[in-house]
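Chemist: One structure coming up, written as structure tokens, with questions to follow.
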Amino acid sequence: MKKFHLKSYIAGVLTVILVISMITTVFAAARSVTATVNYRDIKVNIDGVPTTLTDLEGKAIEPILLFDTVYVPLSPVARAFGKTSTYDGKSFTVFINTPNTPSPNAPKVESGHSRTNPAPIGTAQIFSNNDYTVTVKVKSVTSGESAWNLIYAENKFNDPPPDGKMYIMANIEVTANKINSDKAVTVDYFDFKAFSGTNAEYDRKSTVIPDKLSGKIFEGGTTIGNAVFLVDKSDTAPKIVYGMKYDGSGGIWFSLK
């Protein structure tokens, strides 16, 4: 029996991605290869222990033989070694991480912020509930005429701000630190609500947003995009909140100025 080595397997995964049917097409960076996949009842033995690889629903997943190389599914193998795994379809990258180990490039997270002391622009905060933990940061803010110019350029049918109002466009970064199941976290600009410096909620204006914040991320994934808010020109301390409950409690707060 051919022994399985995690190192060689990961190298194989990073080289090709398999989409399996009766005949499998292997997609690589700039080429495609049509090949026949062989099932040989290949067994996996980890540290001397016979191991059945399964998906999260407990269904067995059989390794395959392709071009004299054995390929096994990434997720159950990573779990067997105490790791987590995710695949980013945009960058075609496999991530294998140790759970609860922060990335060396992770932003500095500050605590002690609240509705009355919202986090300054560029400051990351952590939000957690029963399903997931995410790090959120307002990276930058564009306001007034500059924001309107960007919004108008995106769609000329966008309405200009009414008298006494102005647009604020916040560029927001969200990273999924931990998800309590193998599911994605949905991130959307509608998740953020704007309040005035005197703690009154602003109405949301329907606007076509350039590079809007919207998408799904799995554990370890990051998404960046824009959210647009319509606020009073006279407001010296507008702010936004993410994760606030229906009764107004909870959530993490960020300053827009």
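Chemist: Can we say residue 202 is modelled with pLDDT of 95 or more and among the aromatic types (Phe, Trp, Tyr)?
Modeler: Numbers: modelled with pLDDT of 95 or more: yes; among the aromatic types (Phe, Trp, Tyr): yes.
Considered against the rule, which asks whether it is modelled with pLDDT of 95 or more and among the aromatic types (Phe, Trp, Tyr), residue 202 comes out as yes.
Chemist: What residue, of 199, 155, 226, 129, is closer than 21 Å to residue 116 by Cα and either free of Cβ contacts under 8 Å to residues at least 24 places away in the same chain or not charged (D, E, K, R) (or both)?
Modeler: Working: 155 fails: closer than 21 Å to residue 116 by Cα; 226 fails: closer than 21 Å to residue 116 by Cα; 129 fails: closer than 21 Å to residue 116 by Cα.
Only one candidate qualifies: 199.
Chemist: Just for strands (runs of 3 or more DSSP E) wholly inside region 1-100: which have at least 1 residues that are over 30 Å from residue 134 (Cβ atoms) and modelled with pLDDT of 50 or more? Break it down into steps so the answer makes sense when it comes.
Modeler: Working: elements: 17-19, 24-27, 32-35, 44-46, 49-51, 64-66, 69-71, 84-88, 93-97.
The qualifying strands (runs of 3 or more DSSP E) are 32-35, 44-46, 49-51, 64-66, 69-71.
Chemist: Just to verify a result, which residue in region 188-225, among those that are within 14 Å of residue 136 (Cβ to Cβ) and touching a Gly at 6+ places or on another chain (Cβ under 6 Å), is surrounded by the most Cβ atoms within 10 Å (Cβ to Cβ)? Break it down stepwise before answering.
Modeler: Going residue by residue through region 188-225, those that are within 14 Å of residue 136 (Cβ to Cβ) are 188-189, 191-193, 213, 217, 221-225.
Checking the rest, the ones that are also touching a Gly at 6+ places or on another chain (Cβ under 6 Å) come to 213, 223.
On the way: 213: 22, 223: 18.
The qualifying residue surrounded by the most Cβ atoms within 10 Å (Cβ to Cβ) is 213.
Chemist: Regarding residue 178, is this residue in a strand (DSSP E or B), in the same structural domain as residue 241 (by TED's automatic domain parsing), at pLDDT 95 or above and not small (Gly, Ala, Ser)?
Modeler: So residue 178 fails the test.
Chemist: I'd like to verify a number: residues in region 212-237 that are more than 12 Å from residue 171 (Cα to Cα) and either of a type in the set (A, V, I, L, M) or not in a strand (DSSP E or B) (or both), how many?
Modeler: Of the residues in that region, 12 qualify.
The values are calculated or read from the model by the stated rules, or taken from the named source; none is laboratory data. It should be emphasised that the depicted structure is a prediction, and the values quoted were computed from it without experimental measurement. Every residue, glycine among them, receives a Cβ derived from its backbone with ideal geometry; neighbour counts consider all protein chains shown.
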